[in-house]
Amino acid sequence: MKTLLKTEKLGKIYGTNVVLHDIDVEINQGEIIGLIGENGAGKSTLMKIIAGVEKSSMGRMTLRGETYSASTILEANRNGIGMVFQEQSLVSNLSVSQNIFLGREKKFRKYGIVNWGKMNVVAKEALENAGVSNVEPNKKVETLPFALREMVEIAKVLNIVDENSKRGSIILLDEATTVLSEEEIQILFGQMRRMAKLGNAVVFISHRLDEIMEICDKIYVFKDGGQTAVIKKEDANLDLLYSKMVGDNNSSEYYVTSRQTVAEEEILLSVKDVSRFGEFNNVSFDVKKGEVLSICGVEGSGKESLCSVLCGDLGHTSGTIDVSGKKVNLSSPYAALKKGILVVPKDRRDEGIVGLLSIKENIVISSLDRLSVGGIYISVKKCNQISENWINKLKIKCTGIEERINKLSGGNAQKVVFARAIESEVPIVILNHPTRGVDVGAKVEIYSLIRDITEKGCAVIVLGDTLDESIGLASRIIVMKDGLVTGGFDCQADKKPTQIDVIKMMM
Amino acid sequence: MKKNEIEYMKNHSVGAQFKYKIASDVKKEKIRIYAPLILLVCITIVASVTIDNFFSPKNIVNLFYQMSIPLVLATGVTFVLLIGSIDLSLEGVMGFSGALVALLVANTMNSVHLGWLGIVLTVILGTGAGVITGYLHVKLRIASFIISYAMGSIITGIGVLTYKGTPANVTWSVFDAIASESVFGVPLLTWISLSIFGLGCLILNYTAFGKAVYAIGNNEAAARSTGINVNKTKIMVFALCAFTASCAGILACVRLKIGQVSIGVNQLFPVITSVVLGGASLAGGKGGMLQTFIGVLMFTELNNILIIVGVDPNYRQLIQGIIIIVAVTLTITRSRKTITQ
């Protein structure tokens, strides 16, 4: 068995944030390799580096014995490496065959005119080669069901890679099974085995551990950007995988658990039987005053869209949402804010801050109605005072309240967003990945801020960046999987569930 | 709709619901594609029944004659909208080309007479303006509507300077001939316009470039990753749009036999509206030549009807605006994506 690709001490740094480090992976001919880990553990980043989407910042790779790096997907393709992306990269308004040969029409061209008939014939072969027989190459991709689109994408990547390399290709599949049915997954697995048998290698990311154990010869486990274990198929069992995924850290100090408040009786938010068609079904929970509710689940479990429904970004299909005992209609984020729900969004740069405005303006922007006199006049002095207070209190590093917020570091910008949330005095705060892209020091400050908020009698809903964080912050947890609530935990400060308990319900 | 969903939700998994949702989106999309055609057919039937002579050969020929210049312009605009950009320099390029060509063939202003070469030269210069627009858009990363507006202004200015106030009258007999000749009872101008449109069809549907245009409008990142030269394709799209605008300018000059930049005035927005009426999306990726044809025909037909019915010209604009809102409401898809480039 020949080694195709080997990485040594491979790593990736964004700014000051180490997202991947010390990765030693070996991909051999004929192997199917599984990568597992929580969201953000670094699996996708590793794949992207191999596939030429991102550049590594540390370490080196060797491909078939020679030093390798790719700065574009095309370059990786030329080296016989192809990636099937999690978010589909097909062009939906073109036909299947046009997609397969997009950018490679040369061999079907005569006097500039492309012979689509001929292309369709070759595309049909390429599809059959990938085991896809029920797709007409002249159909537009947008008319195909999702599963078939996925198969087309695999056929495309396979064709590109095959064309470039007869020496054993590497196919990277990022969460390829998420949208497939059981039957389709089995077809895909058949294809993966076939590809491996032909002397290629397949690398496979999935959140479904049973799949991983079924198909993979070797499993690499990731945690916090590092590689915690390499497990052979015969040694793999669920408990081992779980324990390697969560590692061993006990960090109650870090999450300021000593200041975790005990929930009061008063229910602030009550979600009853809420469903959003095709995303999540029959979710019910109450959030009490002073409580921190963590919603756990992998990407695609429905927690993200649940969060969007609660903050008024998306509508729901059925069920009711009550705020302080009154039924509310959250038709927009503005309506949600009026009813007392404020969200700190995940994508800070795009959604959380108004980059062109100053720190001051960003702090008061959600409170303008309250700060204004008669709905018109807003006292500059008052705004200045409030902003100064927050900067001092949260130790926001800046040159002054007039500084533009996009000049701040991630952690400081996030503190401004928190200041806005607290200043707006809403009773229910939803924190969507509150510490994403924030360095460790600022994280602790943000955790204690969350404690401040609950001490003031607010209810907080958290979608944590890591499972550790979700448990550490929570006074209660609900777990979602495939759009349904699969369980819940009470998390008194001294009696937290372990990560393994929670992860078992997630995956 | 929502009732169906609630019913379906009762005994299907979330995954199955998701697939159902995608399938129904696909179905909706299929219906949407035919909406402009259905609307066109309805308008035509209503007009044919209620208005005498509307569906007569004479009026149909007249209709195609009226739409000849908009159709040429719309051919280029389709490409620009498909990549999700917009080209506001079209009126300028059209006016400039009309003014220039009048000076390069036999005319009342100067003694230059390059004949057919004058036409070729005009088209080359007009297309060149598009290349510059596209190049600046791509290289300086300036939004297309700003850069094309600026280029339109510049090129209009150059057009005015070529004749310094008094436009030239064309005296070349070929222009007369083209304007008055008919083949099979259809004016030559209409044939020329249809040929340029046909060329557009060929490029969009049968070349790799055409598919690259679709790919960029739908998923630019994916297009880039497959090795399509996105910048070059965009520049070519602006060149193509300027080419059609230039042709339209020459055709307008043929029709009026006078070369002044004002022939381009008030062409831009009717044409963009027509293309959108046909089902193109301002966000890119949606539309096509056939759709554009339907859109232009519909727009021209509506105007034609207003004129035949004898609507007071003072009201025509107002009614036209209302009709556009109604027609667009019935035909376009709504998405959160808006003009971004």
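The values are calculated or read from the model by the stated rules, or taken from the named source; none is laboratory data. Because the structure is predicted, anything quoted here is derived from the model rather than measured. Cβ coordinates were reconstructed from backbone atoms using ideal geometry, including for glycine residues, and neighbour counts include every protein chain displayed. The accessibility values were calculated without ligands, DNA or RNA, using every heavy atom of the protein model including side chains. Shrake-Rupley method; radii C 1.70, N 1.55, O 1.52, S 1.80 Å.
Please report, largest first and rounded to whole Å, the three semi-axes of the ellipsoid equivalent to the protein assembly as shown, where each semi-axis is the square root of five times an eigenvalue of the C-alpha gyration tensor. Can you show the working numbers first?
Working: eigenvalues 603, 245, 141 Å².
Three semi-axes, in Å: 55, 35, 27.
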Have a look at A:L188, B:V326, A:N200 and report the one farthest towards the positive end of the charge dipole of the protein assembly as shown, computed about the Cα centre with Cβ charges (Lys/Arg +1, Asp/Glu -1). B:V326
Calc'd 3J(HN,Hα), the range A:316-324, phi into Karplus 6.51 cos²θ - 1.76 cosθ + 1.60 (θ = phi - 60°), Hz, glycine/Pro = x, comes to 10, 7, 8, x, 10, 10, 10, 10, 6
According to a simple spin-label model (label point 7 Å from Cα along Cα-to-Cβ), what is the distance in nm between A:K407 and A:K272? 5.2 nm
Once A:L314, A:L180 are ranked on solvent-accessible area with the largest value leading and a 1.4 Å probe, the list reads A:L314, A:L180
The protein assembly as shown, accessible surface, carbon-and-sulfur percent (1.4 angstrom probe): 57 percent
Just how much of A:M151 is accessible, in Å², when a 1.4 Å probe is used and the result is rounded to the nearest 10? 20 Å²
Protein-only accessible surface order, largest first, of A:K326, B:K139, A:K6 at 1.4 Å: A:K326, B:K139, A:K6
Cα long-axis angle, helix B:14-50 against chain B (0 to 90 degrees, to the nearest 10): 40 degrees
Suppose we compare each residue of the range B:11-53 in its chain alone and in the full protein complex with a 1.4 Å probe; which ones drop by at least 50 Å² of accessible area? B:V14, B:F18, B:K19, B:K21, B:I22, B:V26
Can you list the residues, at least 5 places off or on another chain, whose amide H is less than 5 Å from the amide H of A:V479, using H built in the peptide plane? A:C296, A:T486, A:G487, A:G488
Sites A:N39 and A:D501 - FRET efficiency at Förster radius 25 Å, r taken between beta-carbons, to 0.05: 0.85
Accessible area in the full protein assembly, largest first, 1.4 Å probe, for A:K233, A:K43, A:K395: A:K395, A:K233, A:K43
Counting alpha carbon pairs within less than 8 Å and at least 6 residues apart, what relative contact order, in whole percent, applies to chain A? 15 percent
Each label point is 7 Å from the Cα along the Cα-to-Cβ direction; what then is the distance between the points at A:E299 and A:V262, in nm? 4.0 nm
Relative to the first principal axis of the alpha-carbon coordinates of chain A, what is the inclination of helix A:116-129, with its axis defined by its Cα atoms, in degrees from 0 to 90 and to the nearest 10? 80 degrees
I'd like the interface area for chains A and B: accessible area of each alone minus the complex, both sides summed, 1.4 Å probe, protein heavy atoms only. What is it in Å² to the nearest 100? 3000 Å²
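What does the structure give for A:92-103 when I average, per residue, the other chain Cβ atoms found within 10 Å of the residue Cβ?
Numbers: counts 8, 13, 9, 2, 0, 0, 5, 4, 1, 3, 11, 12.
Per-residue shielding by partner chains comes out at 6.
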Residue span B:A16 to B:I325: 0.36 nm per residue of separation minus Cα-Cα distance leaves a gain in nm of 107.5 nm
Sequence gap at least 6, Cα distance under 8 Å: using those rules, report the relative contact order of the range A:109-258 to the nearest whole percent. 15 percent
From phi via Karplus (6.51, -1.76, 1.60), per-residue ³J(HN,Hα) for the range A:468-478 in Hz, x at Gly/Pro: 3, 4, 4, 6, x, 7, 6, 9, 8, 10, 10
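Given only helices, namely DSSP H runs of n ≥ 4 each adding -39500 (n - 2.57), what is the per-residue ellipticity at 222 nm of the protein assembly as shown, to the nearest 500 deg cm²/dmol?
Values: 32 runs with 420 residues, N = 848.
Value at 222 nm, helices only, nearest 500: -15500 deg cm²/dmol.
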The protein assembly as shown - charge dipole about Cα centre, Lys and Arg +1 at Cβ, Asp and Glu -1, debye rounded to 20: 1620 debye
Heavy atoms of A:K55: accessible area, 1.4 Å probe, square angstrom to 10: 120 Å²
Name all residues of the range B:26-67 having a backbone nitrogen under 15 Å from the label point set 7 Å from the Cα of B:V186 along its Cα→Cβ direction, giving them as ranges. B:57-67
Between A:N129 and A:E183, take the C-beta separation as r, use R0 = 25 Å, and let me know the FRET efficiency to the nearest 0.05. 0.75
Let's see if you can work this out: charge +1 on each Lys and Arg Cβ, -1 on each Asp and Glu Cβ, no other charges. What is the dipole magnitude of the range A:373-507 about its Cα centre, in debye to the nearest 20? 260 debye
Which angle from 0 to 90°, rounded to the nearest 10, does the C-alpha axis of helix A:146-164 make with the longest principal axis of chain A? 50 degrees
Leaving out ligands, DNA and RNA but keeping every protein chain, what accessible area does A:Y334 have, in Å² rounded to the nearest 10, with a 1.4 Å probe? 140 Å²
For Cα pairs less than 8 Å apart in space and 6+ apart in sequence, what is the mean separation divided by the residue count of chain B, i.e. the relative contact order in percent? 31 percent
